[in-house]
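The values are calculated or read from the model by the stated rules, or taken from the named source; none is laboratory data. For clarity, every value in this text was computed on a predicted model and none was experimentally measured. Ideal geometry is used to build each Cβ from the backbone, glycine not excepted, and the neighbour counts take in all protein chains shown.
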Amino acid sequence: MAGGEVETVAYLRGRFREYYEDHAEEIEAPHGFEEREFGFLPFEGKTMFRHIAFTSPEEMREYLKTNAPAHAYYSSAYYRAPEAEMEKKGWLGADLVFDIDADHIETPCKEEHDRWTCRNCGTSGRGTAPEACPNCGKANFEEETWLCERCLEAAKFETLKLLDILVQDLGFSPKRDLEVNFSGHRGYHVHVYHEDARRLDQLARRELVDYILGVGIEARFHGLAPGFQGEGAALAGVGWGGRLARALYGFLLDVDPEDLQGLGLSEGFVKRLLGRREELLECLAKEPLARMMKFFGPRDRRALDRLVEAAVRREAATIDTVVTTDIHRLIRLPGTLHGKTGLRAVKVPVDELEGFDPLRSAVAFDEGEVEVHVVRSPEFRVGEETYGPFREEEVELPSAAAILLLCKGVARVVG
């Protein structure tokens, strides 16, 4: 570890320790914490300290004050012996947890602010890392990701879609069963605290994930096929029938020729569809979904399939499937700091999520200024102010902005 890096790590650890000394009492122990495993990742190295259990909230808070970790986690699972090795813990159940992260959402702004570098050959590029390096074919990348308002809004939008499915389709209570946490970085965690959800095994969680993603939703099962027996759902319908009708209505309402051609639809079909757009919208607004077939013929089946696929993508919530199906998952502890940003993981009331601004409400360090040397950074906002872009320059910044750059590894403390 280079000298400047050592100093930066020491500085960050010291600031995190100050935060925990001042705010540890505000950090709530998770429900059933005696049966939870805790894990902590320090600033030095990549080895997590886990299989830790606490007997009281005070003991957990004292650990945070003493160790000032870069990241703090707790298990979604409940165990008889949370401090034991995995095979001896005695699994009792697990909360249902969803992770919505801008990393998994296609946003064009990533081409402006994200970067990747192949650890094998040094090839680099902008945006999301490819599946394999275009130069050497390896899949081992160092990624530099940034918080921007468009990415954060995209993650929030997906979270709102997920909450709608959980409440409207699955019947969970937004006040009693659901908790939303900003992760401290580029997304949100949604926790479902319900006894029925707690008992779900991995297979059941996989089926639930498929439902949320709209896996298997096909035009022919919802009335958009010749010879369909029935009428299908209407706009006010429940489940994926109603969702599909509403999604098609929204899609047709604002779609343009380029969007439709991007789906691989023929020029003739696009022209016919847009020419009868108003009639189609009126039909969807007043009649069951299957009545749309009076506007289409047997040769339009493949085109309808593609329309439905686009509508499903619009309505489904983009979630990290691995997190939800993992019944032993460690998830970030609300109230603690995120070691990649210096922001707090914040609980957000479900009815306040739409107006929540993490770049204001999750700021932990709101006093003082720090002089840093910035290697590079795009323009970014913290609080009310926008900073950058910077490249190889020394600047004095408010603590929150400077700590974000230090946590990202693109700056070092001066002096």
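For residues that are surrounded by 16 or more Cβ atoms within 10 Å (Cβ to Cβ) and over 30 Å from residue 90 (Cβ atoms), tally how many sit in the range 18-59.
Matching residues across the range 18-59 total 4.
Kindly provide the set of residues from the range 351-372 that are more than 24 Å from the chain's Cα centre (by Cα) and surrounded by 17 or more Cβ atoms within 10 Å (Cβ to Cβ), ordered by number.
Once the filter is applied, which keeps residues that are more than 24 Å from the chain's Cα centre (by Cα) and surrounded by 17 or more Cβ atoms within 10 Å (Cβ to Cβ), the range 351-372 yields 370, 372.
Could you run through the range 379-398 and say how many residues are crowded, with 19+ Cβ neighbours inside 10 Å and either under 16 Å from residue 9 (Cβ atoms) or in contact (Cβ under 8 Å) with a residue 60 or more places away in the chain (or both)?
Here the count works out to 1.
Which of the numbered conditions does residue 193 fail, given that it passes all the others? Conditions: (1) touching a Pro at 6+ places or on another chain (Cβ under 9 Å); (2) crowded, with 16+ Cβ neighbours inside 10 Å.
The single condition residue 193 does not satisfy is (1).
Taking the condition under 29 Å from residue 366 (Cβ atoms), of a type in the set (D, E, K, R), part of a helix (DSSP H, G or I) and touching a Lys or Arg at 6+ places or on another chain (Cβ under 6 Å), does residue 59 pass?
Answer is no for this residue.
Where in the range 298-415 are there helices (runs of 4 or more DSSP H), lying wholly inside it, with at least 1 residues that are under 30 Å from residue 27 (Cα atoms)?
Because the criterion is at least 1 residues that are under 30 Å from residue 27 (Cα atoms), the helices (runs of 4 or more DSSP H) in the range 298-415 that meet it are 321-325, 358-361, 399-408.
From (1) over 19 Å from the mean Cα position of the chain (by Cα); (2) closer than 15 Å to residue 186 by Cβ, pick out the condition that doesn't hold for residue 106.
Evaluating residue 106 over (1) over 19 Å from the mean Cα position of the chain (by Cα); (2) closer than 15 Å to residue 186 by Cβ leaves (1) as the failure.
Can you confirm whether residue 345 is buried (at least 19 other Cβ atoms within 10 Å of the Cβ) and either in contact with a Ser or Thr (Cβ under 8 Å, 6 or more places away or on another chain) or not β-branched (Val, Ile, Thr) (or both)?
So residue 345 fits the description; yes.
Could we say that residue 135 is part of a loop (DSSP other than H, G, I, E, B), more than 26 Å from residue 405 (Cα to Cα) and not acidic (Asp, Glu) here?
Values: part of a loop (DSSP other than H, G, I, E, B): yes; more than 26 Å from residue 405 (Cα to Cα): yes; not acidic (Asp, Glu): yes.
Answer is yes for this residue.
Is there a residue being under 28 Å from residue 108 (Cβ atoms) and not assigned by TED's automatic domain parsing to the domain that holds residue 353 anywhere in the range 165-172?
yes
Restricting the range 85-138 to residues that are touching a strand residue (DSSP E or B) at 6+ places or on another chain (Cβ under 7 Å) and small (Gly, Ala, Ser), which is surrounded by the most Cβ atoms within 10 Å (Cβ to Cβ)?
Per the stated criteria, the residue is 102.
Residues that are buried (at least 20 other Cβ atoms within 10 Å of the Cβ), among the small types (Gly, Ala, Ser) and not in a strand (DSSP E or B): does the range 155-178 have at least one?
Taking every residue of the range 155-178 in turn, at least one turns out to be buried (at least 20 other Cβ atoms within 10 Å of the Cβ), among the small types (Gly, Ala, Ser) and not in a strand (DSSP E or B).
Using beta carbons and a limit of 6 Å, which pairs, at least six apart or on different chains, have the first residue in the range 3-31 and in the same structural domain as residue 179 (by TED's automatic domain parsing) and the second one of a type in the set (D, E, K, R) and assigned to a helix (DSSP H, G or I)?
20/65; 21/65; 24/61; 24/65
For the range 260-271, give me the residue count where each residue is assigned to a helix (DSSP H, G or I) and aliphatic (A, V, I, L, M).
2
Residue pairs, Cβ under 7 Å, 6 or more apart or interchain, first in the range 38-50 and without any contact (Cβ under 8 Å) to a residue 40 or more places away in the chain, second among the polar types (S, T, N, Q). List them.
As it stands, the answer is 40/67, since those pairs meet every condition given.
Looking at (1) touching a residue at least 24 places away in the same chain (Cβ under 8 Å); (2) hydrophobic (A, V, I, L, M, F, W, C); (3) in a helix (DSSP H, G or I), find the lone condition where residue 274 falls short.
(1)
Tell me which residues, restricted to the range 251-300, are aromatic (Phe, Trp, Tyr) and crowded, with 16+ Cβ neighbours inside 10 Å.
251, 269, 296
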